[in-house]
Amino acid sequence: MKIPPINIRYILILFIGAIVFQSCTKTTPEEPKVIPEPEPEKGPDPIKDQTYIYSSESQLEFGLYQNNNLLSSFAQTDQDKNFKNRPKYFRPQAMTLKKDSLFISKAGGYKESYKIKWEKEELFIYQDQDKDWKHFATKNDKNEISLNIALYNSQLKSENSNALRSGQLYNPSSINDILSDKSRAAMKTIWLKIKVIYVPENVKS
């Protein structure tokens with residue numbers, strides 16, 4: 001019996017079909033899915049839109065000076081005798097920071113406001129009179145603000161007059177901030193310097 005020859009064309013068709021079928025049945029391994037880590041939530045900015053309130057204070061300097069020399073020192077109990085209630089009314093009770101502005105509230109309903117800027121942890125206020133920035137306060141790693149204030153009473157006696165001068169200022173570097181005129185050699189000044197600590201309003205115990 002004679003077997004008919006197989007057409008080469010049909011053999012090629014069957015071979016290609018088998019290859020296509022095998023390639024379709026193979027599954028391509030899936031790449032491992034990378035789950036993106038959630039971005040950490042941004043906490044509130046401790047500098048902007050925050051109110052700080054009075055927490056505590058300590059006396060740094062209190063004495064009678066003449067020509068930059070300390071003549072005698074006073075105890076903390078002598079504050080009322082020399083300054084009455086001036087420290088209470090000059091010391092800020094609360095300080096609110098809003099972006100580039102500082103709003104100060106004092107006893108008796110007194111208000112102050114300043115344009116501000118930060119240089120790391122140092123707070124500066126803009127002095128319109130001097131057209132310059134003045135260092136005002138410092139913020140520590142506990143998110144507390146430390147502010148120094150000073151009050152003074154000066155007296156200059158002469159044969160024909162008795163001149164008196166008093167005032168207060170924020171963050172003085174020293175008594176030289178007020179004893180810079182020519183008459184300081186004869187002027188006697190009672191100088192009180194206090195360090196005041198402020199804490200965020202929502203954490204004060």
Please give, to one decimal in nm, the separation of the simple spin-label points placed at D100 and K188, each 7 Å out from Cα toward the Cβ.
-> 4.8 nm
Stretched fully, the stretch from E121 through A107 gains (0.36 nm per residue minus C-alpha distance, one decimal, in nm) 2.4 nm
Near S73, within a Cβ-to-Cβ distance under 15 Å, what is the net charge of the other residues, with Lys and Arg +1 and Asp and Glu -1?
-> +1
With a/c under 1.5 counting as rounded, go ahead and sort the range 96-158 into rounded, prolate or oblate using the C-alpha gyration tensor (a ≥ b ≥ c being the square roots of the eigenvalues; past the cut-off, prolate if a/b is larger than b/c, else oblate).
-> prolate
With every protein chain in place, what's the accessible area of T77 (1.4 Å probe, Å², nearest 10)?
-> 120 Å²
Using the Cα gyration tensor of the range 63-201, with a ≥ b ≥ c the square roots of its eigenvalues, what is the shape: rounded (a/c below 1.5), prolate (a/b larger than b/c) or oblate (neither)?
-> prolate
If we count every other residue with Cβ under 12 angstrom of E122's Cβ, Lys/Arg +1 and Asp/Glu -1, where does the sum land?
-> +2
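The values are calculated or read from the model by the stated rules, or taken from the named source; none is laboratory data. Because the structure is predicted, anything quoted here is derived from the model rather than measured. Here the Cβ is made from the backbone with ideal geometry for all residues, glycine too, and neighbour counts use every protein chain on show. All accessible areas refer to the heavy atoms of the entire protein, side chains included, with ligands and DNA or RNA removed. Shrake-Rupley method; radii C 1.70, N 1.55, O 1.52, S 1.80 Å.
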